[in-house]
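Taking it in order: structure first as structure tokens, then the write-up.
The values are calculated or read from the model by the stated rules, or taken from the named source; none is laboratory data. On a predicted model such as this, the values are computed, not experimentally measured, just so you know. Neighbour counts are summed over all protein chains in view; Cβ atoms, including those assigned to glycine, are modelled from backbone coordinates with ideal geometry. Side chains included, ligands, DNA and RNA excluded: accessible areas come from the protein's heavy atoms. Shrake-Rupley method; radii C 1.70, N 1.55, O 1.52, S 1.80 Å.
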Amino acid sequence: MSELLRATGLVSGYGRIEALHGVDVSVDAGQAVTVIGPNGAGKSTLLRTLAGLSRPWRGTVEFDGTDVTRWPAEQRARVGLVFVPEGRHVFAGLTVEENLRLGGYAADRAAAGLDAVYDLFPALVARRRQPAGTLSGGEQQMVAIGRGLMSRPRLLLLDEPSLGLAPQAVRLVTDALVELAVRGTTLVLVEQSASVAFRVAQRGHLMERGELVASGPVGRLSEDPRVVRAYLGGP
Ligand code: ATP
């Protein structure tokens, strides 16, 4: 499989506090990769650095062989490296469909059809003219993912899609992510929930205190004592 994303030696932080201490990670085309770990480990910082929302102090991010380290998020999104924020960041005053259409404008490529998004999230069909701010947390998360898909991403970066959702909504969102992964969508999923992460991804990394301390196929990673410990210490 060909490598689509490669981050090398990422060091980043806030003020004088270093949050990433030299992270290397790569993602092959068609692969679903997860980064799990306890609160404050640096998972979101890593994802935001890959997305271009945070500039690393040192290190590089390459996307499809191009050094994009200094590219802002919008420029990365245009070439298919797309960040999906937590669902509560949808445009509350716009309808579901308006939110989705906005995603289609972010890309250089032709937008995906709305049908493909409604196919993945049938629950949104009846709500297409409803302001997104009136949706449940799970439905808002579906809109956020759907908006990302509208740009026909080559790689989706997902930030804790299960966070704060009711169990039923977690199941729906997870099923959709599994479906995307099975179809061969390349994605990086940052999660605190091991059950979500391990259902969706083929490979995973455990992050602790700004470093990737264990990596491998999710079957093997789920048996790693450090992973078990991280989850016992989780939310
Ligand atoms: P969580 O799941 O709780 O979001 P995380 O693994 O995603 O955790 P990060 O949010 O990346 O971890 O945080 C890594 C470290 O950087 C933590 O010590 C955190 O306190 C710190 N940090 C994160 N965002 C900021 C910020 N905006 N300003 C200052 N420090 C921050």
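List of remarks:
- Long-range amide H partners of Thr95 with built H, under 5 Å: Ala132
- For the range 159-227, the orientation-averaged shadow of the C-alpha convex hull comes to 4.8 nm² (one quarter of the hull surface).
- Taking amide H atoms as placed 1.01 Å from N in the peptide plane, the amide H of Ser54 lies under 5 Å from those of Thr49, each 5 or more residues away in sequence or on another chain.
- If R0 is taken as 22 Å, the Cβ-Cβ distance between Glu3 and Asp175 corresponds to a FRET efficiency of 0.20.
- Solvent exposure of the chain as accessible area per residue, Å², 1.4 Å probe: 45
- Charged neighbours of Val178, selected by a Cβ distance under 12 Å, balance to +1 (K, R count +1; D, E count -1).
- Remark: the range 50-65, residue by residue, has Karplus-estimated 3J(HN,Hα) of 5, 7, x, 8, 9, 8, x, 6, 9, x, 10, 10, 10, 10, 6, x Hz, where x stands for each Gly or Pro and the curve is 6.51 cos²θ - 1.76 cosθ + 1.60 at θ = phi - 60°.
- For the range 150-205, trypsin sites (Lys or Arg not before Pro) are listed when DSSP marks them as loop and at most 12 other Cβ atoms sit within 10 Å of their Cβ; the list is Arg183.
- Local charge for Leu206 was computed over the other residues whose Cβ lies under 9 Å away, with Lys and Arg +1 and Asp and Glu -1, and equals -1.
- Carbon/sulfur fraction of accessible area - the range 1-125, other protein chains in place, 1.4 Å, %: 51
- Neighbourhood charge, 12 Å Cβ-Cβ cut-off, centred on Lys43 and excluding it, Lys, Arg +1 and Asp, Glu -1: -3
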